[in-house]
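A short reminder: the numbers here are calculations on the coordinates, not readings from a lab. As the structure is a prediction and not an experimental result, all values here were calculated from the model. Here the Cβ is made from the backbone with ideal geometry for all residues, glycine too, and neighbour counts use every protein chain on show.
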Amino acid sequence: MVTLEPLRADHADALLAFERENRAYFARTVPDRGDAFFTPAGFAARLRALLDEQHARVCRFHVVLGEDGELIGRVNLMDLADGTAELGYRVGEQAAGRGVATAAVARVCRLAATDYGLTSLTARTTLDNQASMRVLTRNGFVRVENTTVGGQPGVLYVRRTLDGIGL
């Protein structure tokens, strides 16, 4: 159903188009990235910074591709350290409600354990993002505490391995 690819420089045009197309949709549940992010220069600078972080193995960024190879989402592992990382993801409006986010998170959880050597993941979502909460619980994440996300009330989730079994 979906394919994950590590973020590369040649994803730039498709990724910017995806972010622009879904800006208003994403802003309903997550803080907006700001106007500068959506300009060609601002986006190019941000992409270079992400690729630098990925090259340094501080973060692992992925694009989610649909059956026809179109970019339909992102799923990322940020701040890798001491066997843990923070999960972040977004799926475009056209792909929402079709299990894409659940499948993409499941795949990145497997990669986290098998390829990146991680033993736990955290994720945060706003309280009003029920769809994201369902994605996390379907993938074995457990709600651990209240937090804030971009100044909004939110929830922190954690997923740990059990007895060495991968994420």
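Structure notes:
- With R₀ set to 41 Å, the beta-carbon distance separating residue 94 from residue 145 gives a calculated FRET efficiency near 0.80.
- The packing ranking of peptides 118-129, 50-61, highest mean first, is 118-129, 50-61, where packing means the average number of other beta carbon atoms within 10 angstrom of each residue.
- Take the Cβ atoms of residue 12 and residue 81, set R0 to 22 Å, and the FRET efficiency comes out at 0.20.
- Part-to-part distance (alpha-carbon centres) for segment 1-38 and segment 55-80, which is given in Å: 11
- Segments 143-151, 5-13 sorted - mean Cβ within 10 Å per residue, highest first: 5-13, 143-151
- Amide proton proximity set for residue 7, modelled H, under 5 Å, gap of 5+: 61, 62, 63
- Amide proton proximity set for residue 119, modelled H, under 5 Å, gap of 5+: 84
- Dimensions (Å) - segment 11-167, Cα atoms, principal axes, largest first: 46, 34, 33
- Spread of Cα-to-Cα distances over 10 Å intervals beginning at zero, given as percent, for segment 54-99: 26, 43, 25, 6
- Under 5 Å between amide hydrogens, built in the peptide plane, is the criterion, and for residue 154 it picks out 127, 147, 148, 149 among residues at least 5 positions away or on other chains.
- Global size of segment 11-79 as Cα Rg and Dmax, reported in angstrom: 12.3, 32
- Length gained on full extension, residue 127 to residue 3: 41.8 nm, using 0.36 nm per residue less the C-alpha separation.
- For segment 12-81, the relative contact order works out to 25 percent when only alpha carbon pairs closer than 8 Å and six or more residues apart are counted.
- Taking 0.36 nm per residue of sequence separation and removing the Cα-Cα distance, the residue 55/residue 110 pair yields an extension gain of 17.8 nm.
- Top positive-direction residue, dipole computed over segment 49-95 with Cβ charges, set 65, 51, 92: 51
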